[in-house]
Amino acid sequence: MKISDRERQDRRNARLVERTKNDPEYRERKRKASERWRNENREKYEVQQSEKYQRRKKVILNKYMQNKKECADYLGGKCCGCGADNLIVLQFHHRDPEMKQYALNKKFRRMAMKLEDVQQELDKCVLLCANCHTLEHAPISWH
């Protein structure tokens, strides 16, 4: 029976993972080899890390905006004060700060966030643009 290249690679990786888990000397040799490579190829390593970081940052930002859009749509997708609908400026305002369990924007960063996870918190909020949100929290009325 002929095995595919992919299967062969998977088997090899499984053996290496198992060896890394069970053989402390092998782990130490691998760690030192990696460290040596990083030191010898510092510039290349830094470029790789920077590119990897930029790709990851883009993925996280896209997921953040997707999660925020889903939650904003749940609340109507527009500012309750002025009707602005630009997702960048929309913010979630808790009507009663005493009932606030957590800040929603922290939850948007989670890659696996589901609308059901935050619906209870969303029900305590209204959607405001940054301008209306600032006016809502202003200590004195400027009008």
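The values are calculated or read from the model by the stated rules, or taken from the named source; none is laboratory data. Here the structure is a predicted model, which means the values were calculated and not measured. A quick note on method: Cβ atoms are made from the backbone with ideal geometry, for glycine too, and the neighbour counts reach across all protein chains shown.
Only one of the numbered conditions (1) modelled with pLDDT of 90 or more; (2) farther than 17 Å from residue 122 by Cα; (3) among the aliphatic types (A, V, I, L, M) is not met by residue 75, and that is (2). Among the residues of the range 101-115, is there at least one that is surrounded by 15 or more Cβ atoms within 10 Å (Cβ to Cβ) and touching a strand residue (DSSP E or B) at 6+ places or on another chain (Cβ under 8 Å)? Within the range 101-115 (the criterion being surrounded by 15 or more Cβ atoms within 10 Å (Cβ to Cβ) and touching a strand residue (DSSP E or B) at 6+ places or on another chain (Cβ under 8 Å)), the answer is yes, since at least one residue qualifies. Look at (1) modelled with pLDDT of 90 or more; (2) surrounded by 11 or more Cβ atoms within 10 Å (Cβ to Cβ) and you find that residue 33 fails only one, number (2). Got a number for residues in the range 74-104 being without any contact (Cβ under 8 Å) to a residue 24 or more places away in the chain, within 26 Å of residue 56 (Cβ to Cβ) and not aliphatic (A, V, I, L, M)? The number of residues fulfilling the criteria is 1. Might you let me know whether the range 42-54 holds any residue that is surrounded by 10 or more Cβ atoms within 10 Å (Cβ to Cβ) and in contact with a strand residue (DSSP E or B) (Cβ under 6 Å, 6 or more places away or on another chain)? Scanning the range 42-54 turns up no residue that is surrounded by 10 or more Cβ atoms within 10 Å (Cβ to Cβ) and in contact with a strand residue (DSSP E or B) (Cβ under 6 Å, 6 or more places away or on another chain). Taking first residues from the range 41-61 that are over 21 Å from residue 108 (Cα atoms) and partners that are modelled with pLDDT under 90, the Cβ contacts under 8 Å between residues at least 6 apart in sequence or on separate chains come to 45/37; 45/38. Looking across the range 116-134, not a single residue is over 16 Å from residue 99 (Cβ atoms), surrounded by 14 or more Cβ atoms within 10 Å (Cβ to Cβ) and at pLDDT below 90.
Residue 16: among the aliphatic types (A, V, I, L, M) and touching a Phe, Trp or Tyr at 6+ places or on another chain (Cβ under 8 Å), yes or no? If you could, list the steps in order and put the result at the bottom.
On the way: among the aliphatic types (A, V, I, L, M): yes; touching a Phe, Trp or Tyr at 6+ places or on another chain (Cβ under 8 Å): no.
Against the criterion (among the aliphatic types (A, V, I, L, M) and touching a Phe, Trp or Tyr at 6+ places or on another chain (Cβ under 8 Å)), residue 16 does not qualify.
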